[in-house]
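The values are calculated or read from the model by the stated rules, or taken from the named source; none is laboratory data. The shown structure was predicted, so the numbers you read here are calculated from the model rather than taken from an experiment. FYI the Cβ positions are ideal-geometry reconstructions off the backbone, even for glycines, and counts take in every protein chain you see. To get the accessible areas, we keep the full protein, side chains included, count just its heavy atoms, and leave off ligands, DNA and RNA. Shrake-Rupley method; radii C 1.70, N 1.55, O 1.52, S 1.80 Å.
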Amino acid sequence: TPPMSLGAASSAAAASSTSTSPTSLAMPPAAPGAANALQSLQPAPQAPRVLLTTLPGEQHGLGMLMAACMVGLAGAHPLVAGVQTPLDEIVRGAISGDCSVVGISCSSYQQRTVARQLVRLRSLLPAEISLWVGGGGSSNLPQMPKGITLFSSLDQISAAITRLTTNS
């Protein structure tokens with residue numbers, strides 16, 4: 001099965017928010033075991049929704065899939081948009097998917113454009129949607145503006161989800 005498009009992920013997100021079905025995820029064909037494992041998790045209907053993707057030009061999606069696992073295990077709904085998602089599609093997907101967070105995975109491969117794209121994405125997202133960034137490409141980023149949270153480890157996701165659920 002090919003990865004779900006952002007439009008399909010948003011539709012699935014909207015459908016799953018009103019039903020008790022498992023979280024709808026888009027997983028690459030190479031990860032059917034991960035898709036099955038994540039779909040077996042059933043976060044509470046009111047649990048936060050986290051859209052996970054990579055920026056345009058970023059082809060590396062393994063970190064994104066690992067983050068999706070951590071988000072699901074922490075009790076939130078991970079929605080995986082795939083890799084190289086255009087900024088306007090990330091924004092549309094986050095809004096239509098009723099997401100609390102957009103999570104961006106970036107490798108060191110695309111470091112020259114990451115900071116500029118993150119600042120642009122933050123300016124396009126509604127203020128109430130958090131922007132989380134992690135991966136090897138986030139470790140050498142310059143000081144990011146307010147509203148962009150950098151993660152140095154996957155281990156930080158669980159605590160961040162806990163803070164998100166206790167503050168809402």
Qualifying residue in the range 136-144 (condition: open to solvent by less than 70 Å² (accessible area, probe 1.4 Å), under 16 Å from T54 (Cβ atoms) and modelled with pLDDT of 95 or more): no
Residue tally, condition part of a loop (DSSP other than H, G, I, E, B), touching a residue at least 60 places away in the same chain (Cβ under 8 Å) and within 20 Å of G97 (Cβ to Cβ), over the range 122-140: 0
Residue in the range 94-121 that is most open to solvent (accessible area, probe 1.4 Å), counting only those that are outside any strand (DSSP E or B) and β-branched (V, I, T): I95
Inter-residue pairs, beta-carbon under 8 Å, first within 12 Å of S153 (Cα to Cα) and in the range 61-72, second open to solvent by 30 Å² or more (accessible area, probe 1.4 Å) and assigned to a helix (DSSP H, G or I), 6+ apart: G63/G136; M70/S158
Meets criteria (of a type in the set (A, V, I, L, M, F, W, C), touching a residue at least 60 places away in the same chain (Cβ under 8 Å) and in contact with a helix residue (DSSP H, G or I) (Cβ under 8 Å, 6 or more places away or on another chain)) for C99: yes
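Condition (residue is of a type in the set (D, E, K, R) and either open to solvent by 60 Å² or more (accessible area, probe 1.4 Å) or assigned to a helix (DSSP H, G or I) (or both)) applied to the range 58-70: is it met by at least one residue?
Kept after step one, since they are of a type in the set (D, E, K, R), are these residues of the range 58-70: 58.
Okay, now just the ones that are also either open to solvent by 60 Å² or more (accessible area, probe 1.4 Å) or assigned to a helix (DSSP H, G or I) (or both), so none.
For the range 58-70, residues of a type in the set (D, E, K, R) and either open to solvent by 60 Å² or more (accessible area, probe 1.4 Å) or assigned to a helix (DSSP H, G or I) (or both): absent.
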Failed item, numbered, when I157 is tested on (1) open to solvent by less than 10 Å² (accessible area, probe 1.4 Å); (2) under 12 Å from the mean Cα position of the chain (by Cα): (1)
Test: residue in the range 160-168 that is part of a helix (DSSP H, G or I), open to solvent by less than 40 Å² (accessible area, probe 1.4 Å) and either touching a helix residue (DSSP H, G or I) at 6+ places or on another chain (Cβ under 9 Å) or among the aromatic types (F, W, Y) (or both): yes
Given (1) of a type in the set (V, I, T); (2) assigned to a loop (DSSP other than H, G, I, E, B); (3) surrounded by fewer than 21 Cβ atoms within 10 Å (Cβ to Cβ), index of the condition T149 fails: (2)
